[in-house]
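First the structure, in the form of structure tokens, and then the observations on it.
Any read-out appearing in this document is the output of simple, stated calculations on the displayed coordinates, not a laboratory observation. Owing to the predicted nature of the structure, the values given are computational and were not obtained by experimental measurement. Glycine gets a Cβ as well: all are built from the backbone with ideal geometry, and neighbour counts include every protein chain shown.
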Amino acid sequence: MTSAQGMPAPSGDKTKARLLAIAMHVAFIVLLIFGVSWQKKPEAPVMADLWSSLPPIAQPVQPRLDVPAPPEPTPTPKPVPRVTPPPAPKAEPVPAPKPDIALRDKEKKKKAEPKVEPKPEPKPEPKPREDDTGRRERERKIIEAEKEADAKAAAEKALAAERAAKAATAARENQKYISGIRGKVYARVALPADIQGNPEAEFVVSLLPGGELLGVTLRKSSGNPAYDAAVERAIRQAQPFDVPSGEQFQQYFRQFPMVFRPR
């Protein structure tokens, strides 16, 4: 063994260390032996009973067999006598209730029944009051509508008056042309010698825009064929006629009726 500085330790120290190690081992062994002997418990003594003679052995109990007794004879039932049921009682007629009783029962039922009150009719909801602005606006619209209706009626009336004036003017002009045509035809009619009275003959005359004759047809005879033929011949000889032009000709002189009498 060497010291901390690397020098060898003295021999006395080695001897002390060995003795100390031996003493420690001896103490450990003594302590181990003492502990084992201290924890070991002594055994309990065993006790035994001595008998002079053995007790008698108990015999097993044999089960008792019960023999059932013979059944008793069943007694014979006695005959039951036949019982005849009594006749059913006749139902007696129930008397009809009297009219007074029936009326009273009816009145009681009416009183017992709950009265059903009629449901009140719903009242009409009041109309909302119109304010002054809405009322004035409505009145204004009514006035404007009346003005428009009056203006329309006035325009239609003026148009009708204008048409009537034009028709009157056209009628006067047409009559002037008709009179001219009639005069040319009358100048060429040769009256038959046997004509009597003042018979009337009606013809339908068709003209061209220049006044030339397109066709002539007898619509109604005068009853004198000679007079009818004389008028038709005069119409054909008197053409062309003096007629207006344009729309007036197309409307009134394209085809028109003419009536002729001798006088």
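So that you can scan it fast, the table gives a plain yes or no per residue for (1) in contact with a helix residue (DSSP H, G or I) (Cβ under 9 Å, 6 or more places away or on another chain); (2) not charged (D, E, K, R):
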residue: Glu156; (1), (2): no, no
residue: Ser222; (1), (2): yes, yes
residue: Val231; (1), (2): yes, yes
residue: Ser245; (1), (2): no, yes
residue: Gln248; (1), (2): yes, yes
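In the stretch 233-243, what count of residues is obtained for those that are over 15 Å from Ile178 (Cβ atoms) and touching a helix residue (DSSP H, G or I) at 6+ places or on another chain (Cβ under 9 Å)? Going through the stretch 233-243 one residue at a time, the tally reaches 2. Taking the listed residues Pro192, Pro199, Pro209, the one that is surrounded by 10 or more Cβ atoms within 10 Å (Cβ to Cβ), touching a Gly at 6+ places or on another chain (Cβ under 6 Å) and not hydrophobic (A, V, I, L, M, F, W, C) is Pro199, with no other qualifying.
Would you confirm whether any residue within the stretch 201-210 is in a helix (DSSP H, G or I), touching a Phe, Trp or Tyr at 6+ places or on another chain (Cβ under 7 Å) and either free of Cβ contacts under 8 Å to residues at least 60 places away in the same chain or of a type in the set (Asp, Glu) (or both)?
So far as the stretch 201-210 goes, no, none of its residues is in a helix (DSSP H, G or I), touching a Phe, Trp or Tyr at 6+ places or on another chain (Cβ under 7 Å) and either free of Cβ contacts under 8 Å to residues at least 60 places away in the same chain or of a type in the set (Asp, Glu) (or both).
Ala190 - would you say it is in contact (Cβ under 8 Å) with a residue 12 or more places away in the chain, within 17 Å of Arg263 (Cβ to Cβ), part of a helix (DSSP H, G or I) and among the small types (Gly, Ala, Ser)? No: the conditions fail for Ala190. Annotation note: of Arg136, Arg172, the sole residue that is among the basic types (Lys, Arg) and farther than 30 Å from Ser245 by Cα is Arg136.
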